[in-house]
1. Measuring label to label, 7 Å along Cα→Cβ, what does A:Gln210 give against each other copy in nm, shortest first?
2. Within segment B:1-66, list the chymotrypsin sites (Phe, Trp or Tyr not before Pro) lying in a DSSP loop whose Cβ has at most 11 other Cβ atoms in a 10 Å radius.
3. Name the residue farthest towards the positive end of the dipole of segment B:120-176 from the options B:Phe168, B:Val145, B:Ala135, assuming +1 on Cβ of Lys and Arg, -1 on Cβ of Asp and Glu, about the Cα centre.
4. For helix A:110-119, report the angle its Cα long axis makes with the longest principal axis of the Cα atoms of chain A; keep it between 0 and 90° and round to the nearest 10°.
5. Compute the long axis of helix A:166-175 from its Cα atoms, compare it with the longest principal axis of the Cα atoms of chain A, and write down the angle in degrees, 0 to 90, nearest 10.
6. What are the trypsin sites (Lys or Arg not before Pro) within segment B:24-99 that DSSP puts in a loop, where the Cβ has at most 13 other Cβ atoms within 10 Å?
7. Relative contact order for segment B:84-141 using alpha-carbon pairs under 8 Å, separation at least 6, rounded to a whole percent?
8. Under 1.5 on a/c is rounded, so check that first for segment A:50-161, then, if it is not, pick prolate when a/b is larger than b/c and oblate when it is not; a ≥ b ≥ c are the square roots of the alpha carbon gyration tensor eigenvalues.
2 protein chains.
Amino acid sequence: MEFTQTEENYLKAIFKLSEHEGKPVSTNSISGELNTSAASVTDMVQRLSSKEMIHYEKYKGVTLTKPGLKHAKALVRKHRLWEVFLVEKLQFTWDEVHDIAEQLEHIQSDELVERLDAFLDHPRFDPHGDPIPDADGKFTVSQRVPLADLKIGDKGVVVGVQEHSPSFLQHLDKLGLVLGAEVEIIEVFEFDASQVIRLNGKSEFSISKQVNKNIFLKKSP
Amino acid sequence: MEFTQTEENYLKAIFKLSEHEGKPVSTNSISGELNTSAASVTDMVQRLSSKEMIHYEKYKGVTLTKPGLKHAKALVRKHRLWEVFLVEKLQFTWDEVHDIAEQLEHIQSDELVERLDAFLDHPRFDPHGDPIPDADGKFTVSQRVPLADLKIGDKGVVVGVQEHSPSFLQHLDKLGLVLGAEVEIIEVFEFDASQVIRLNGKSEFSISKQVNKNIFLKKSP
DNA sequence: AAATATTTTTAGACTAATCTAAAAAATATT
DNA sequence: AATATTTTTTAGATTAGTCTAAAAATATTT
């Protein structure tokens, strides 16, 4: 079965929206995710349904079918592999790669994906710490917690981010809060949920809730 | 200025068709190149003309404008760089890369192209021996002649091919007539323009006109 | 130069993807 | 339960790209 780039973008959006919630995804949330009108979503959703990529009942939202889920995961796999390529091989920074990978993920060639994967040494995570599904769609699940959830004295290593916007990532670069950074919670202010952290056993500084809720850590025992 | 993939495909086709002939390109030849109807070509040609990418006069054919030529060359550059990537880094063979590069050439990011170029060490030729234009659109011109033009006793090295079809390239692989192969003309048969050649100073065999007219050599002095 | 053939353009229609505005259904509020 | 609000769908239009069939222009042949 073949898909247009637009159809693929809808599949990816539905996957993203339903990844953590089991319930059907609403027309409105898709239109929000893709910046299109709800009317357009209804149209597209009917086409994807006729292609049996999603289950769709009027007014009830949509869920991915097994083939739909498989295709969505393949797109995520491609996107994240290309991001690794761009950062590891072409020296792009983690805040620059999203838009380019968004285009590259639509290149159609299974052989290409598998060779790229091998060329990159079968990476398990992309430059933002997100897991790369394997050829069968299986993710490596790693237990990671928002930095915001840690208590005074807790320690951990930065392993991912929730936000992917260039401005957020560039801010993290300035702070030194990149993947692999070691963090210890020195203080937590109830009032605004900001924290004072020690970075790599050296500098101490304060970070806002806006920052700490969007960073994932692997907690040290 | 932004272009759809279709517009880019037309620009590339017009470039290809006008590369060696100075005259305007006919609607019909474009429709032949792209496997579309002449009516579709007329439509698209009018749009590209309104975008000032081509000069177009009814019934007179089209030529690229300066910006049109620049964009076409940029596409050729991208296509050939990606082909080098696919062969050098991902171990694809020269007969497998065209279709994938056809997709990759539409990825929009100037930075990506320049970094890819650097990553590949600024290659001057693609896996078929075709020159890769530099960032300014300049080609390395190399004097190369069709194998079919050589006379008995002439020697040379294979530096390119005219045909890019997988079946032709696979046939060349079987014969050992790949880029860099040394060829000496042992015999030429007037009747069917076939030749007997010696390959790399070793094996001797006969090749048809269909083959020898589609191979380029750099003649040894 | 007139007749014929070929090429190119126009006309009109189709699909994919989108939109706005209005109607219908579902949900929330009084 | 009736009404109001929100969400979703339908209706109708638009743009890009395509097609076939017919008309117009150009080129070729006699």
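1. 6.8
2. B:Tyr59
3. The residue sitting farthest along the positive end of the dipole is B:Val145.
4. In chain A, helix A:110-119 runs at an angle near 20 degrees to the longest axis.
5. Once rounded, one gets 20 degrees.
6. Sparse-neighbourhood loop trypsin sites (Lys or Arg not before Pro): B:Lys58, B:Lys60.
7. Taking the mean separation of contacting Cα pairs over the length of segment B:84-141, I get 28 percent.
8. Since a/c reaches 1.5 but b/c is at least a/b, the shape of segment A:50-161 is classed as oblate.
Read-outs throughout are calculated quantities, based only on the coordinates presented, and are distinct from any laboratory measurement. Treat the numbers as computed from the prediction; the structure is a model and nothing was measured. Heads up, the Cβs are rebuilt from the backbone with ideal geometry, glycines too, and the neighbour counts pull from every protein chain shown.
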